[in-house]
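S.K.: Before we start, here is the structure in question, set down as structure tokens.
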Amino acid sequence: MGTCFSSSTKSTAEISPFDLVVKPPPSSTAAATAPPTQRIPTATATKTETVSFAATVRLYGPPNSLVTSYLRFALLHKKVPLRFVPSEDQKPTIQIGSETVSGGSLEVLLRYIEDKFPEPRLMIWKFNLEGFDEATPLIVRAIWLQHRSMLWHMERMLRWSEDLAARGGKKAVDPSVGTPKMEIRKFAKSYTHLQELMLEHAQMEERILFPVLESVDRGMCKSANEEHGRELPMMNGIKEDIKSIGVLDSGICSEALFSLASRFKSLQMMCKTHFEEEEKDLLPMVEAAEMGKEKQKKLLNQGLEVMSGTHSNSFDFLLEGLTPQEAMQYLDLLIKFGDPDLISSFLCSDVVD
């Protein structure tokens, strides 16, 4: 899987939200002033200066540590050169140039990263996504964020399919994509991630969320279940279209590409309406069910277990569909309320240097 410390190069058709909000690196070339041998405890470190994005950041810590993984995702969202160095020391350490910071709480370490690399801003101290607050049930927060990621990826792939159709599959978006056939394979791989995320999300709602709502008001989820039934054939049809385009002997057919783009447009509109209805009519009812915190945690973890395939194989993909702040909110949910063994299986397997 390699989700913990791997990195990838995307084509211009695969730009993620945090790429769009990253501002140019600061002109200041302020260097850390601590002597090379001095270790500054985070709890007592003085105010730090921002550093150039060219500086290589080294992260030391145990590969199976949730804190190490959390810091890794934070640093990757900062778009800085990052090198992970496995260490048996249970306290993660961040080294930037001659300055080394270790110890302290996760919050303190994240504040240090924010001070060093101000953009894009990651830390939001309250769960203030649209219409939600700290009283919002945990599984509702997770579902809302998953909706955001899926919608963004659908919009991205719609634009990509329209661009493919406009070009008739005759030339690549950029040199990193390769030949038209290679681009179609990249497109198919991206859609496989999206389809897995959508299918497991629907299964999670049907197995975990809807039974809770149906237990207090039978028939409440009938419409949502019907929407899931209508979306599945369309998703499978898109998959078959991509397969057909990929094996055409006479070159990629412009007509087939326009048909694919049309299917994506229909799927996007259907899912957007479906998600909006769920967020307006169903998700508020979870809060009305008045579950205690322990019940909420149990429900969240049951949902994550159903979506274990996505979180093990496509976790980076899920986060790429979110803004930096949203991605860190999702990680916060997992770290704070998820079962440690379950979350470790998502974040800390197959670590790549």
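Residues checked against (1) touching a strand residue (DSSP E or B) at 6+ places or on another chain (Cβ under 9 Å); (2) β-branched (Val, Ile, Thr); (3) open to solvent by less than 30 Å² (accessible area, probe 1.4 Å); (4) under 23 Å from Met150 (Cβ atoms):
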| site | (1), (2), (3), (4) |
| --- | --- |
| His228 | no, no, yes, yes |
| Asn236 | no, no, no, yes |
| Ser244 | no, no, no, no |
| Leu257 | no, no, yes, yes |
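Every residue, every condition in (1) surrounded by 14 or more Cβ atoms within 10 Å (Cβ to Cβ); (2) modelled with pLDDT under 85; (3) not assigned by the TED database to the domain that holds Phe315, yes or no:
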{"site": "Thr50", "(1), (2), (3)": "yes, yes, yes"}
{"site": "Asn64", "(1), (2), (3)": "yes, yes, yes"}
{"site": "Arg83", "(1), (2), (3)": "no, no, yes"}
{"site": "Gln95", "(1), (2), (3)": "yes, no, yes"}
{"site": "Gly103", "(1), (2), (3)": "yes, yes, yes"}
{"site": "Glu107", "(1), (2), (3)": "no, yes, yes"}
{"site": "Leu110", "(1), (2), (3)": "yes, no, yes"}
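S.K.: Between a residue in the range 161-183 that is modelled with pLDDT of 80 or more and any residue that is assigned to a loop (DSSP other than H, G, I, E, B), which pairs come within a Cβ distance under 7 Å, given they are 6 or more apart or on different chains?
M.R.: Sorted first by the residue in the range 161-183, then by its partner, the pairs are Asp163/Val173; Glu183/Ala172; Glu183/Val173; Glu183/Val177.
S.K.: Out of the range 65-93, which residues are in a strand (DSSP E or B) and over 27 Å from Asp339 (Cβ atoms)?
M.R.: Start the filter on the range 65-93 by keeping residues that are in a strand (DSSP E or B), which leaves 82-86, 93.
Scanning the range 65-93 gives Leu82, Arg83, Val85.
S.K.: Using the structure shown, decide if Ser314 is within 17 Å of the chain's Cα centre (by Cα), touching a residue at least 12 places away in the same chain (Cβ under 8 Å) and open to solvent by less than 20 Å² (accessible area, probe 1.4 Å).
M.R.: Judged against the criteria, Ser314 is a match.
S.K.: Please find, among Gln302, Gln325, the residue that is assigned to a helix (DSSP H, G or I), farther than 26 Å from Gln195 by Cβ and in contact (Cβ under 8 Å) with a residue 24 or more places away in the chain.
M.R.: After ruling out the rest, the residue left standing is Gln325.
S.K.: Can you work out which of the residues in the range 287-299 that are more than 16 Å from Pro211 (Cβ to Cβ) and either assigned to a helix (DSSP H, G or I) or among the small types (Gly, Ala, Ser) (or both) is least open to solvent (accessible area, probe 1.4 Å)?
M.R.: If we take residues in the range 287-299 being more than 16 Å from Pro211 (Cβ to Cβ) and either assigned to a helix (DSSP H, G or I) or among the small types (Gly, Ala, Ser) (or both), then Gly292 is least open to solvent (accessible area, probe 1.4 Å).
S.K.: Given the conditions (1) at pLDDT below 90; (2) open to solvent by 10 Å² or more (accessible area, probe 1.4 Å), and given that Lys189 satisfies all but one, which numbered condition is not satisfied?
M.R.: Unmet condition: (1).
S.K.: Here's something else I'd like to know. Out of the residues in the range 194-215 that are touching a helix residue (DSSP H, G or I) at 6+ places or on another chain (Cβ under 8 Å) and at pLDDT below 90, state the one that is most open to solvent (accessible area, probe 1.4 Å). Steps first, please.
M.R.: Kept after step one, since they are touching a helix residue (DSSP H, G or I) at 6+ places or on another chain (Cβ under 8 Å), are these residues of the range 194-215: 194-210, 212-213.
Adding the requirement that they be at pLDDT below 90 leaves 212-213.
Working: Val212: 27, Leu213: 1 Å².
Filtering first and then ranking leaves Val212.
S.K.: Which condition from (1) in contact (Cβ under 8 Å) with a residue 60 or more places away in the chain; (2) assigned to a helix (DSSP H, G or I); (3) surrounded by 15 or more Cβ atoms within 10 Å (Cβ to Cβ) is the one that Met220 breaks?
M.R.: (2)
The values are calculated or read from the model by the stated rules, or taken from the named source; none is laboratory data. What you see is a predicted model, and the numbers here were worked out from it, not measured in a lab. Heads up, the Cβs are rebuilt from the backbone with ideal geometry, glycines too, and the neighbour counts pull from every protein chain shown. We work out accessible area using only protein heavy atoms, side chains counted, and drop any ligands, DNA or RNA first. Shrake-Rupley method; radii C 1.70, N 1.55, O 1.52, S 1.80 Å.
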